[in-house]
Structures are given as C-alpha cells and as structure tokens.
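The values are calculated or read from the model by the stated rules, or taken from the named source; none is laboratory data. Source: prediction; values computed, not measured. Virtual Cβ from ideal backbone geometry, glycine too; neighbours counted across all protein chains shown. The protein model used for the area step is the full one, side chains on, heavy atoms only, and it has no ligands, DNA or RNA in it. Shrake-Rupley method; radii C 1.70, N 1.55, O 1.52, S 1.80 Å.
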Amino acid sequence: MKMTTIKFNSADNVEVTADLYQHENKSAPVLLLCHQAGYSRGEYIETAPKLLSLGFSCLALDQRSGNEVNGVQNQTARFAHSKNFPLKYVDAVPDIEAGIHYLTQQFPASKKIILGSSYSASVALVMAAKYGDIFSGAISFSPGEYFVYDKKIVSEWAAQITIPVLCTSSKGEVHSWEKIFNAIPHGLGQLFIPKNEGRHGSKSLWEATPNYTEYWHALTIFLNNQSNK
C-alpha cells in the first residue's frame, strides 16, 4: 500500500493536510474522504486501505473543524487555530473544496466520488449540488441539518443534486435525516438502513462495529455502480 501525507492550501490560505492512498492505476476512480466533528483524517486509516484494495485511490482530508482520532492529530485544524481562523462546520468548506481542486488537477482522467461523515456528510451533499460536473456520486454517512451554508439549509442543497447519492447511518438516526434524503430529486437518492443498529458516521465501516459488513456490502455496490458508468 502506498500512502503519502501531502499538504496544499485552501482558497483562504489555510494549509490543508491530507493522506493520499494512491492506486497503482493512476486513472482508477478516486474518493475524497471527509471526517466527522472532532476527528481527523485518522478516521480512515482502516477504511482507506480497504477501498484501495477494491480499486479506488483515496484522499483523506484533515478539515479545520476537527481534532484527533486513532492517534492522528488534525494538522489542518492545528494550523487554522494557530492563525485564528474560525473553526465551525461551515468554515471547513474551503478545505474540502481545496481537496476537490487537488483531485481535478492530479487525477483529471479519474471518476471522483465524495464521502462525508456526520457534519461532513452534509457538506458532501452541498458539494454534490455545487460540483455535480466533477463528482459522479456522493456518499453521506449520518447527515443532518447541522448548518446553514450560503443562506440554504442542507435539504435545500439536496434538492439541487444531479448525481447519485447514497445515504446511510445507524438505524436509530434515520429519522433525523429523512427530510434531507426526501429532498434529493427522484431516482438519484439511494437509501441503506442496516438490519442491526450500526454506528454514527463512517465508523459504521470500522471492524469494531459488529455489523460493519452490512455497510461495506451496500457501499461496494454503490461505488461499483458509479465508477463503472
């Protein structure tokens, strides 16, 4: 496995740190992986290698709204904090957009899919609406009405999506994002509700989650469908 930690700047000059998991096929589809609140790119240290083995390159971001998980400190958040940048959920949008720009520059021939977790699951839906010309799909683990961005709530952004989206969460959370899912135009939204409880965010994919294989099955089907179109 080839993993390289890289840095690039956001439009507002925050230094963004990310882990690039590079597939040997440079034109392989690539996933932009965004972490949940209080976390870092370390959310994907178990998940990204598995995605790599399935044929996908991955870029796991540190967003400025976050901290640490799995022993990995969020370097983007540390930089932003040192320069007195605001650190709320919506403040992380430029970091994710910087990741999008990096992928368009470095992987021009690859299909691109965004995956978000918790607050970034909602950001992923916003990005799916804004950059439907770049992404072929979006995956949203435990989205919610966590913020207002550009004067619109998340469900308003979801209504503008033009690409396929997979939404999922723990079983008990589904009611909290049903309105967002229902706003996605007909035929584009795909829903996965696990038989067992699961966990919040992309932690559902961790082996520590008892029914993680349920989520991997649904995720793999969605990824293969979007990358093969």
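Structure notes:
- The overall shape of the stretch 139-229, judged from the alpha-carbon gyration tensor, is oblate: a/c is not under 1.5, and a/b is no greater than b/c.
- Prolate/oblate/rounded label for the stretch 1-117 (Cα gyration tensor, a/c 1.5): prolate
- Between the stretch 193-222 and the stretch 112-180, the C-alpha centres lie 18 angstrom from each other.
- Choice from Ile113, Ile100, Ile45 with maximal GNM fluctuation in the chain (Cα, 10 Å cutoff): Ile45
- The stretch 1-46: C-alpha gyration tensor shape, a/c 1.5 cut-off, then a/b vs b/c: oblate
- Using a cutoff of 8 angstrom between alpha carbon atoms and counting only pairs six or more residues apart, the relative contact order for the chain works out to 16 percent.
- For Glu15, neighbours were defined as the other residues whose beta-carbon sits under 15 Å from its Cβ, and their charges (Lys and Arg +1, Asp and Glu -1) total -1.
- DSSP-loop trypsin sites (Lys or Arg not before Pro) across the stretch 22-106, with at most 16 other Cβ within 10 angstrom: Lys26, Lys83, Lys88
- Integer Hz, Karplus 6.51/-1.76/1.60 couplings in order for the stretch 8-18, x for Gly and Pro: 8, 9, 7, 4, 9, 6, 8, 6, 9, 9, 8
- In the context of the full set of protein chains, residues of the chain present 42 Å² of accessible surface per residue (probe radius 1.4 Å, heavy atoms only).
- Neighbour-limited loop hits for GluC sites (Glu not before Pro), the stretch 109-195 (at most 15 other Cβ within 10 Å; DSSP other than H, G, I, E, B): Glu145
- Eigenvalues of the alpha-carbon gyration tensor of the chain, scaled by 5 and square-rooted, set the equivalent ellipsoid semi-axes at 23, 20, 18 angstrom, largest first.
- Charge dipole magnitude, Cβ of K and R +1, D and E -1 - the stretch 54-97, Cα centre, debye nearest 20: 140
- Charge sum, other residues only, whose C-beta stays under 13 Å from Lys2's C-beta, Lys/Arg counted +1 and Asp/Glu -1: -1
- Dipole of the stretch 88-145, positive direction: furthest Cα of Tyr119, Phe107, Tyr131, with charges on the beta-carbon: Phe107
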